[in-house]
Amino acid sequence: MKVLITPRGFANNGMKFIKEMEKKGLEVNYNDTGLSYSAEHFLNLAKNSDAIIVGVDTIDRKVIDSCPKLKVICKFGVGTDNIDVEYAKEKGIFVGRTVGSNSNSVAEHVMSYIYCDSKNLFNSIKEVKNHQWNKYTGREIDKKTLGIIGFGAIGKHLAKQATGVGMNVLVHDVFDISNEEQSEYNVQQENLENILKKSDYISLHLPLTKSTEDLISKKELNMMKENSCLINAARGGIVNENDLYEALTKGEIRSAFFDVFSTEPPASDNKLLALNNFFLTPHTGARTTEADIRTCGMSAQIIMDKLNKF
């Protein structure tokens, strides 16, 4: 049976897992180009595959219908918004995820944003390189309040790290968070409105669904403190970017640090990129060597376990 692997992380950190799959008799085609596949090239490679480990490539109805042998899809990560999961299930295709494999890496990425914001690190470094010597006054994060919206694996890692440096942590999720769990992570459950109003930093950790699209728009931004920072290391589309631009330019919130965007990469003339209080990294929160190794191992195991049943 044939396995297609599109994430570039496998070529760097997953070769031993590819060899394990090959020992099981699987024919593995992995991306060693250092580049993302075009949609056309991806479809051409996918059409004869029994299983696909997929990163950012889109697996929609067209792709699924073009892959008559496809039995298993595994997301190289957690978010499945690039996969038509319901249609795959209708076709009897198993869709797996590597839950928890990169949670710590994303949480550390968010903490780096918090430090960067509190100490004005990005602007300070940039200005010194341009031969300027402006001494900004920052703020300590000790005793500041972090609101985490979405208390899954990443949210839990983030809570541990934030409480460890003295932050107060409020959490919100669509599911009730038990008293035992709140005690374990030293957090307090709040509704969305209270988190928006009380937090100095707000970090989003939600999937992109119909119910979460534009979850943070003008109304929610208006609830936030003027000196607050909005962090999105989840999915583009959860925050209304036009409303965010207005809030940042009017000083309704202090800053925003994003690792995701509605269109990746954004257009070079995107108005948010011109702001000195909006910061965007190229969807790299989960990209660490350690996370890649864990994700490679988990996704390879899912493929081997599921294909073994056919």
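The values are calculated or read from the model by the stated rules, or taken from the named source; none is laboratory data. No experiment lies behind these values; they were computed from the predicted model shown. Here the Cβ is made from the backbone with ideal geometry for all residues, glycine too, and neighbour counts use every protein chain on show. In case anyone asks, the SASA skips ligands and DNA or RNA and just uses the protein heavy atoms, side chains included. Shrake-Rupley method; radii C 1.70, N 1.55, O 1.52, S 1.80 Å.
Compared with the dominant principal axis of the Cα atoms in the chain, helix 153-164 is inclined by about 30°.
Measuring only protein heavy atoms, the 1.4 Å probe finds Leu70 accessible over about 10 Å².
Rounded to the nearest 10 degrees, the inclination of helix 289-307 to the longest alpha-carbon principal axis of the chain is 40 degrees. Other residues within the sphere of radius under 10 Å centred on the Cβ of His109, judged by their own Cβ, net out at -1 (K and R +1, D and E -1). Around Lys160, under 14 Å between beta carbons, what's the net of Lys plus Arg minus Asp minus Glu among the other residues? After counting each charged neighbour, the total is -2. Proximity of backbone amide H atoms, modeled 1.01 Å from N, is registered between Ile238 and Asp214 at under 5 Å, excluding neighbours fewer than 5 places apart on the same chain. Placing a pseudo-label 7 Å from each Cα along the Cα-to-Cβ vector at Lys24 and Lys119 gives an inter-label distance of 4.4 nm.
Derived scalar couplings between HN and Hα for region 214-226 equal 6, 4, 9, 10, 3, 4, 6, 5, 5, 6, 6, 5, 5 Hz in order, rounded to whole Hz, by the Karplus curve 6.51 cos²θ - 1.76 cosθ + 1.60 (θ = phi - 60°), x for Gly and Pro.
One Cα centroid belongs to region 102-129, the other to region 197-238; the line between them spans 18 Å.
Figure note: Met167, Met15 ranked by solvent-accessible area, largest first, 1.4 Å probe, ligands and nucleic acids not counted: Met15, Met167. Rg of the Cα atoms in region 1-134, relative to 2.2 N^0.38 Å, amounts to 1.38. The 3J(HN,Hα) values that the Karplus relation (6.51, -1.76, 1.60; θ = phi - 60°) gives for region 96-111 are, in residue order, x, 9, 9, 4, x, 5, 10, 4, 5, 4, 5, 4, 5, 4, 5, 4 Hz. Gly and Pro appear as x.
For the set Phe278, Phe122, solvent exposure ranked by accessible area (probe 1.4 Å, protein chains only) runs largest to smallest as Phe122, Phe278.
Remark: the Thr284-Lys69 segment gains 74.2 nm on full extension, using 0.36 nm per residue and subtracting the alpha carbon distance. Between the amide H of Phe258 and those of Asn232, Phe279, Leu280, Thr281, distances stay under 5 Å, these residues lying 5 or more places away or on another chain, with hydrogens modeled in the peptide plane. Across the chain, the relative contact order, built from alpha-carbon pairs under 8 Å that are at least six residues apart, equals 17 percent.
Per the Cα gyration tensor, region 200-254 maps to an equivalent ellipsoid with semi-axes of 19, 12, 9 Å, ordered largest to smallest. Think of a 1.4 Å ball rolled over the protein heavy atoms: the chain then has 50 Å² of accessible area per residue. The calculated FRET efficiency for the pair Glu213 and His131, based on their C-beta separation and a Förster distance of 30 Å, comes to about 0.10. One Cα centroid belongs to region 251-292, the other to region 132-169; the line between them spans 18 Å. By a 1.4 Å probe calculation restricted to protein chains, Asp243 has an accessible surface near 40 Å², given to the nearest 10. When the surface is traced with a 1.4 Å probe over the full set of protein chains, Ile125 keeps roughly 100 Å² accessible. Amide H contacts of Gln189: Val171, each under 5 Å away and 5 or more positions distant or on a separate chain (H built 1.01 Å from N in the peptide plane; Pro and chain starts excluded). Its DSSP H runs of at least 4 residues, each contributing -39,500 (n - 2.57), put the calculated 222 nm mean residue ellipticity of the chain at -11000 deg cm²/dmol, to the nearest 500.
Just to verify a number: FRET efficiency for Gln301 and Ser178, C-beta to C-beta distance, R0 = 41 Å, to 0.05?
So, using R0 = 41 Å, E works out to roughly 0.85.
Expressed as a whole percent, the accessible area of the chain that falls on carbon and sulfur atoms is 49 (1.4 Å probe). Across region 262-274, rounded Karplus estimates of 3J(HN,Hα) from the backbone phi angles (6.51 cos²θ - 1.76 cosθ + 1.60, θ = phi - 60°) give 4, 10, 10, x, x, 4, 4, 9, 4, 5, 5, 5, 7 Hz, Gly and Pro being marked x. These residues, Lys225, Lys89, Lys135, go from largest to smallest accessible area, 1.4 Å probe, as Lys135, Lys89, Lys225.
State the label only: which of (i) 37, 21, 19; (ii) 46, 18, 17; (iii) 35, 25, 16 corresponds to semi-axes √(5λ) of the Cα gyration tensor in Å computed from the shown model? Correct label, based on the coordinates given: (i).
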